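Worksheet: the structure to be examined is printed underneath.
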Amino acid sequence: MMIRILTFICLILISIGCKNEEKKAIEATNSSEIRTERADNFGIVIHGGAGTILKENMSDSLELAYKSKLEEAIRVGHEILKNGGTAMEAVTKTINVMEDSPLFNAGKGAVFTHEETNELDASVMDGATLNAGAVAGVTQIKNPIDLALSVMNDSPHVMLSGKGAELFAKEQGFVLVDPSYFYTQNRFNSLQRIKMAEQEKETKVSFADPFIKDSKFGTVGCAALDKNGNLAAGTSTGGMTNKRWNRIGDAPIIGAGTYANNATCAVSSTGWGEYFIRAMVAHDISALMEYKGLSLAEAAKEVIQKKVPQLGGDGGVVAIDKNGNVTMEFNTAGMYRAHMNAKGDLKIGIYKE
Ligand code: ASP
């Protein structure tokens with residue numbers, strides 16, 4: 001009898017043991033699935049500026065040129081992310097491609113100031129550390145986004161401006177370009193048209209190019225999520241045509257033009273900088289997610305379709321959240337934009353859909 005009871009107890013213990021092992025195995029499978037899923041999840045989204053971008057003002061060849069440059073840029077960042085690179089590397093390298101193109105108002109294609117110079121602004125933010133770097137009003141930096149990154153990594157500061165920023169750049173081994181590098185005939189013509197309109201209307205300050213009906217075309221920006229779940233964002237611009245008095249827009253201002261936080265999202269803005277500063281656009285989107293529990297799409301809609309226009313401003317954002325959801329929200333006629341997910345699906349847009 002005793003032996004039977006002992007055998008019975010042993011069988012029960014063995015079966016409990018087996019069940020536990022089974023449970024552990026299931027847990028292990030689930031958690032490794034979650035990890036793999038997490039590791040496979042990444043994404044990238046870019047903009048090349050928002051504004052009065054209308055199909056009727058665009059030739060087929062120019063449209064094609066924009067689309068192929070956007071695709072070239074986003075594929076650079078996507079490849080970095082696919083190979084396990086950081087979101088910050090993807091953001092800066094993607095922006096470099098657009099900075100080097102005369103199509104966009106950043107780097108090579110920067111717009112002209114009233115004094116017929118080019119003053120460039122840029123910023124980056126790392127969502128993992130909430131570290132940030134920015135430069136404003138630089139005139140000799142070929143790729144201002146790289147200098148913004150260096151301010152973040154190599155200086156104790158967040159934002160440097162003008163000559164001081166360029167001194168820092170030299171110390172960090174950046175090669176300074178002659179300001180004439182930024183000359184493009186298109187941007188120069190645009191400034192002249194605005195100046196002529198100013199004279200005709202005897203208005204003191206105008207930013208509206210009567211030909212394109214806008215003066216803030218082509219700022220570039222990028223937001224990315226990497227395989228480690230880290231977010232980053234960056235923005236680079238020449239600002240607004242005919243700007244004076246060392247005007248600085250939203251692009252180099254953390255919280256306005258750029259924001260990234262691993263707890264919420266990464267955002268890059270483009271539009272009328274004065275309003276984007278006052279609305280703290282990029283941080284506001286993150287804050288609506290963090291404090292009010294809004295989704296990324298809801299938060300971006302709230303800020304871009306309500307808050308900014310209520311103030312009188314216009315523009316848009318691209319953003320990606322910690323789960324890889326993407327939004328490309330704008331209240332202007334168009335915004336140059338593109339998105340790629342982990343599967344490699346590519347979406348490119350210019351006008352409203
Ligand atoms: N936001 C930029 C600025 O105001 C312009 C733009 O986005 O095109 O400087």
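The values are calculated or read from the model by the stated rules, or taken from the named source; none is laboratory data. Keep in mind that what you see is a predicted model, and the values were worked out from it rather than measured. Here the Cβ positions follow ideal geometry from the backbone for every residue, glycine too, while neighbour counts run over all protein chains shown.
Table: residues versus (1) at pLDDT below 95; (2) assigned by TED's automatic domain parsing to the domain that holds Asp146.
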site: Met1; (1), (2): yes, no
site: Ala28; (1), (2): yes, no
site: Gly51; (1), (2): yes, yes
site: Glu72; (1), (2): no, yes
site: Val76; (1), (2): no, yes
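Within the range 91-148, being in contact (Cβ under 8 Å) with a residue 60 or more places away in the chain and touching a Pro at 6+ places or on another chain (Cβ under 6 Å) holds for Lys108, Gly109, Leu120, Asp121, Ala122, Ser123, Ala134, Val135, Ala136.
For Gly316, indicate whether it is part of a strand (DSSP E or B), surrounded by 24 or more Cβ atoms within 10 Å (Cβ to Cβ) and within 18 Å of the chain's Cα centre (by Cα).
Details: part of a strand (DSSP E or B): yes; surrounded by 24 or more Cβ atoms within 10 Å (Cβ to Cβ): yes; within 18 Å of the chain's Cα centre (by Cα): yes.
Spelling it out, Gly316 is indeed part of a strand (DSSP E or B), surrounded by 24 or more Cβ atoms within 10 Å (Cβ to Cβ) and within 18 Å of the chain's Cα centre (by Cα).
Yes or no, residue by residue, for (1) within 13 Å of the chain's Cα centre (by Cα); (2) farther than 17 Å from Gly238 by Cβ:
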site: Thr52; (1), (2): no, yes
site: Ser61; (1), (2): no, yes
site: His78; (1), (2): no, yes
site: Gly109; (1), (2): no, no
site: Glu119; (1), (2): no, no
site: Gly137; (1), (2): no, no
site: Lys142; (1), (2): no, no
site: Ile145; (1), (2): yes, no
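Within the range 215-234, the set of residues being among the β-branched types (Val, Ile, Thr) and either surrounded by fewer than 24 Cβ atoms within 10 Å (Cβ to Cβ) or within 8 Å of the ligand (Cβ to nearest atom) (or both) comprises Thr219 only.
Taken over the range 256-272, the residue count meeting the criterion of being within 12 Å of the ligand (Cβ to nearest atom), under 14 Å from Ile304 (Cα atoms) and under 15 Å from the mean Cα position of the chain (by Cα) is 6. Just checking, does the range 107-114 include any residue being more than 21 Å from Ser61 (Cα to Cα), surrounded by 24 or more Cβ atoms within 10 Å (Cβ to Cβ), polar (S, T, N, Q) and touching a Gly at 6+ places or on another chain (Cβ under 9 Å)? No, every residue in the range 107-114 fails to be more than 21 Å from Ser61 (Cα to Cα), surrounded by 24 or more Cβ atoms within 10 Å (Cβ to Cβ), polar (S, T, N, Q) and touching a Gly at 6+ places or on another chain (Cβ under 9 Å).
Regarding Lys306, is this residue more than 14 Å from the ligand (Cβ to nearest atom) and closer than 27 Å to Asn57 by Cβ? Against the criterion (more than 14 Å from the ligand (Cβ to nearest atom) and closer than 27 Å to Asn57 by Cβ), Lys306 does not qualify. Evaluated against (1) over 19 Å from Met125 (Cα atoms); (2) surrounded by 18 or more Cβ atoms within 10 Å (Cβ to Cβ), Ala90 falls short on exactly one condition, (1). Of all the numbered requirements in (1) in contact with a Ser or Thr (Cβ under 7 Å, 6 or more places away or on another chain); (2) within 24 Å of Ala282 (Cβ to Cβ), Lys108 misses one, and that requirement is (2). Would you pick out the residues in the range 81-95 that are part of a helix (DSSP H, G or I) and under 15 Å from Ala233 (Cβ atoms)? Scanning the range 81-95 gives Leu81, Ala87, Met88, Glu89, Ala90, Val91, Thr92, Lys93, Thr94, Ile95.
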